[in-house]
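Taking it in order: structure first as structure tokens, then the write-up.
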Amino acid sequence: MKHPAPIQRFAVILIVLTILMAACGPGGTTDAGAVTTQPGPNPTDPVTSSTTTPDGSQTSTTTTTTVPGEQRFVDIFLIKDSSYAVAVTRAVPATPDVAGNAMRALIGGPTDQELDEGLSSAVPVDTLLLGIVIEDGLATIDLGREFESGGGSFAMLGRLAQVVYTLTQFPTVNAVQFKLDGQAVTVFSGEGILLENPVTRGDYASILPLVPVSAGEAPRWVQADLPALNGVPAARQARVVLVADDDNLNVRTGPGVDNPVFGMLAPGTVVRTTGNSTPVSSSRWVEVSTPAGLGWVNERYLAAVVDRNAFAADDRVGEALDEMAGIMADLGDLTPVVSWRGLYVSHHDDPVRFGDLDDLLTDRTTYKWPSNAFDVNDPDFANEAPSRTFAEEIAASFVSAYLDTDTVITFNEPIEAGNGRLAEYAIPFALAGFNYVGVYDPGDNPEYGGLDWTIWYVSFDYEGGAPVVVGLTLDQWSP
């Protein structure tokens with residue numbers, strides 16, 4: 001449906017787009033911490049890669065030049081609550097050594113925010129990455145001896161699993177062979193772990209599962225299990241969000257990840273909050289009511305419960321959209337209109353969080369954005385897909401769609417444009433618990449029969465009683 005009051009849109013479209021496409025300035029958007037590795041090549045130097053045969057002879061050599069600042073998204077695997085592995089996204093240099101860049105990000109470990117959320121890494125931060133060779137589906141990784149420092153069978157198996165999971169995300173890698181300081185490993189660490197043969201994800205499925213496991217005897221609660229919400233004011237309700245469909249939100253006996261888990265909330269469930277909250281490190285924890293009594297959850301994964309009709313009638317939502325478009329046009333600071341969590345952007349893929357909002361629109365870092373036109377698993381993706389900054393790819397597209405004269409605005413209504421996604425897949429699962437606005441710019445070029453359309457879904461939460469932007473989801477077809 002249309003908004004009851006027309007949204008005021010900015011008028012100077014041509015100037016806006018010219019400014020956006022000329023975006024420049026310092027800054028960064030990734031959350032990756034410091035990485036301890038051997039010194040790497042200058043990013044402007046040519047990069048040479050070669051393929052070798054088992055007898056050591058070189059069969060081919062390829063030399064490419066990396067453009068400074070180009071980035072692409074990869075996953076690294078961290079450990080959740082000392083229980084199972086989860087993938088988190090990192091932006092890494094878009095060089096031919098993408099597997100090596102992913103490993104450097106893994107060695108860098110979790111961010112402060114991820115530590116607050118119960119994520120950890122068994123990989124020593126002083127591990128040296130000495131080299132990776134990928135051939136016929138086998139990745140042979142050479143690490144410094146620091147990689148086997150420490151003790152404990154879970155720590156040793158966990159770090160092996162993290163490396164294997166991270167490397168096998170790439171379609172060219174099916175198995176991993178380990179070397180330490182250039183020497184093949186047959187027995188790893190003082191725990192006596194056998195590594196005589198290449199290992200795969202299946203070798204670690206029971207040690208560090210890739211799906212959540214129950215924390216001891218902790219039950220998993222769905223909506224029907226939770227205390228009734230009859231008579232509970234909306235201000236004392238919260239919905240579980242930003243949790244994958246195969247994951248859960250842990251409920252702990254006290255605020256902070258150091259406290260035991262005694263229950264788990266399924267994504268999408270609505271819980272009663274008590275009004276008690278407390279900061280722990282860089283996060284805030286909220287007390288909630290459960291079938292087993294009161295417990296604590298990380299506030300990052302709770303959204304305000306706002307009636308759909310009330311959201312659609314809230315003029316402040318339109319004002320926030322106007323303000324965001326204006327900030328994007330001026331290449332300003334998105335902080336005033338975006339959630340304290342950061343901005344989650346789904347660009348034809350799972351949402352990626354951008355946390356440094358003040359200089360995000362002037363950051364010159366470029367990314368290989370996922371798209372329907374380019375398969376990220378294609379080895380030629382890095383060469384074929386264009387590299388664009390956040391301002392060029394996200395802000396320019398949103399402002400163009402939002403300011404177009406024939407744009408249609410909807411509230412909590414997915415739009416099925418020609419050749420687009422089905423309505424039930426319009427919003428990624430992690431953002432499904434939020435109210436949202438659809439910004440639909442129909443195709444304008446008669447040559448393509450209206451198929452050059454763009455849709456942006458803007459996800460909103462309420463913080464301090466006011467609407468703020470949490471996520472941007474793109475659905476688009478272009479010739």
**Request:** Kindly list the number of the only condition in (1) in a helix (DSSP H, G or I); (2) assigned by TED's automatic domain parsing to the domain that holds GLY438 that fails for ASP350.
**Result:** (1)
**Which listed residue, of GLY268, GLY254, GLY275, is in a loop (DSSP other than H, G, I, E, B), at positive phi and not assigned by TED's automatic domain parsing to the domain that holds LEU431** = GLY268
**Complete:** Given (1) outside any loop (DSSP other than H, G, I, E, B); (2) at pLDDT 75 or above, ALA382 misses just (2)
**Request:** Quick one: count up the residues across the range 408-453 that are in contact with an Asp or Glu (Cβ under 7 Å, 6 or more places away or on another chain), modelled with pLDDT of 90 or more and farther than 25 Å from LEU242 by Cβ.
**Result:** 1
**Prompt:** What number of residues within the range 145-162 satisfy the criterion of being among the polar types (S, T, N, Q), part of a helix (DSSP H, G or I) and over 20 Å from ASN197 (Cβ atoms)?
**Reply:** 0
**Item:** Any chance GLU196 is free of Cβ contacts under 8 Å to residues at least 12 places away in the same chain and either in a loop (DSSP other than H, G, I, E, B) or within 24 Å of the chain's Cα centre (by Cα) (or both)
**Value:** yes
**Fill in**
Sole miss for ALA235 among (1) surrounded by 21 or more Cβ atoms within 10 Å (Cβ to Cβ); (2) not in a loop (DSSP other than H, G, I, E, B) is condition (1)
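Here's the yes/no breakdown for (1) assigned to a helix (DSSP H, G or I); (2) in contact with a helix residue (DSSP H, G or I) (Cβ under 7 Å, 6 or more places away or on another chain); (3) farther than 30 Å from VAL297 by Cα; (4) basic (Lys, Arg):
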| position | (1), (2), (3), (4) |
| --- | --- |
| GLN71 | no, no, yes, no |
| PHE77 | no, yes, no, no |
| ALA91 | no, no, no, no |
| ALA99 | yes, yes, yes, no |
| PRO110 | no, no, no, no |
| LEU115 | yes, no, no, no |
| LEU130 | no, no, yes, no |
| THR140 | no, no, yes, no |
**Message:** Being touching a strand residue (DSSP E or B) at 6+ places or on another chain (Cβ under 6 Å) and of a type outside the set (Phe, Trp, Tyr): is that true of ASN259 here?
**Reply:** yes
**Asked** Residue check: is ASN230 in the same structural domain as VAL123 (by TED's automatic domain parsing) and part of a loop (DSSP other than H, G, I, E, B)?
**Response** no
**Prompt:** With respect to LEU451, is the statement that it is touching a Leu at 6+ places or on another chain (Cβ under 9 Å), outside any helix (DSSP H, G or I) and of a type outside the set (Ser, Thr, Tyr) true?
**Reply:** no
**Message:** I'd like the full set of residues that are out of contact with any Phe, Trp or Tyr (no Cβ under 6 Å at 6 or more places or on another chain), closer than 25 Å to ARG300 by Cα and assigned to a loop (DSSP other than H, G, I, E, B), limited to the range 353-375.
**Reply:** GLY355, ASP356, LEU357, ASP358, ASP359, LEU361
**Request:** From (1) of a type in the set (Gly, Ala, Ser); (2) surrounded by fewer than 17 Cβ atoms within 10 Å (Cβ to Cβ); (3) modelled with pLDDT under 95, pick out the condition that doesn't hold for SER289.
**Result:** (2)
**Item:** Residue identified as of a type in the set (D, E, K, R) and touching a strand residue (DSSP E or B) at 6+ places or on another chain (Cβ under 8 Å) among ARG316, ARG364
**Value:** ARG316
**Message:** Looking at the range 369-393, I want the residues that are of a type in the set (Asp, Glu) and have a partner that is at pLDDT below 70 and not in a loop (DSSP other than H, G, I, E, B) with Cβ atoms under 9 Å, at least 6 apart or on another chain. Which pairs are those?
**Reply:** ASP375/PHE381; GLU392/LEU20; GLU392/MET21
**Prompt:** So is MET328 closer than 19 Å to LEU474 by Cβ, touching a strand residue (DSSP E or B) at 6+ places or on another chain (Cβ under 9 Å) and assigned to a helix (DSSP H, G or I) or not?
**Reply:** no
**Complete:** Counting only residues in the range 454-477 that are assigned to a loop (DSSP other than H, G, I, E, B) and without any contact (Cβ under 8 Å) to a residue 60 or more places away in the chain, the one farthest from GLY355 (Cα to Cα) is identified as GLY465
**Checking GLY263 against (1) modelled with pLDDT under 90; (2) touching a Gly at 6+ places or on another chain (Cβ under 7 Å), the condition it does not meet** = (1)
**Residues within the range 165-187 that are hydrophobic (A, V, I, L, M, F, W, C), within 21 Å of SER121 (Cβ to Cβ) and either without any contact (Cβ under 8 Å) to a residue 40 or more places away in the chain or out of contact with any helix residue (DSSP H, G or I) (no Cβ under 7 Å at 6 or more places or on another chain) (or both), tallied** = 4
**Request:** Select from the range 299-325 the residues that are acidic (Asp, Glu) and not in a helix (DSSP H, G or I) and list them in ascending order.
**Result:** ASP307, ASP314
**Prompt:** Does any residue of the range 145-158 turn out to be at pLDDT 90 or above, acidic (Asp, Glu) and surrounded by 14 or more Cβ atoms within 10 Å (Cβ to Cβ)?
**Reply:** yes
**Asked** Out of all the residues in the range 319-333, which are closer than 24 Å to PHE73 by Cα and either in contact (Cβ under 8 Å) with a residue 40 or more places away in the chain or not assigned by TED's automatic domain parsing to the domain that holds PRO370 (or both)?
**Response** MET328, LEU331
**Prompt:** What residue, of THR278, THR273, THR269, is without any contact (Cβ under 8 Å) to a residue 24 or more places away in the chain and β-branched (Val, Ile, Thr)?
**Reply:** THR278
**Those residues of the range 117-128 which are under 27 Å from VAL297 (Cα atoms) and either of a type in the set (Asp, Glu) or part of a helix (DSSP H, G or I) (or both), in sequence order** = GLU117
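The values are calculated or read from the model by the stated rules, or taken from the named source; none is laboratory data. No experiment lies behind these values; they were computed from the predicted model shown. With ideal geometry, Cβ positions are generated from the backbone for all residues, glycine too; neighbour counts draw on all protein chains shown.
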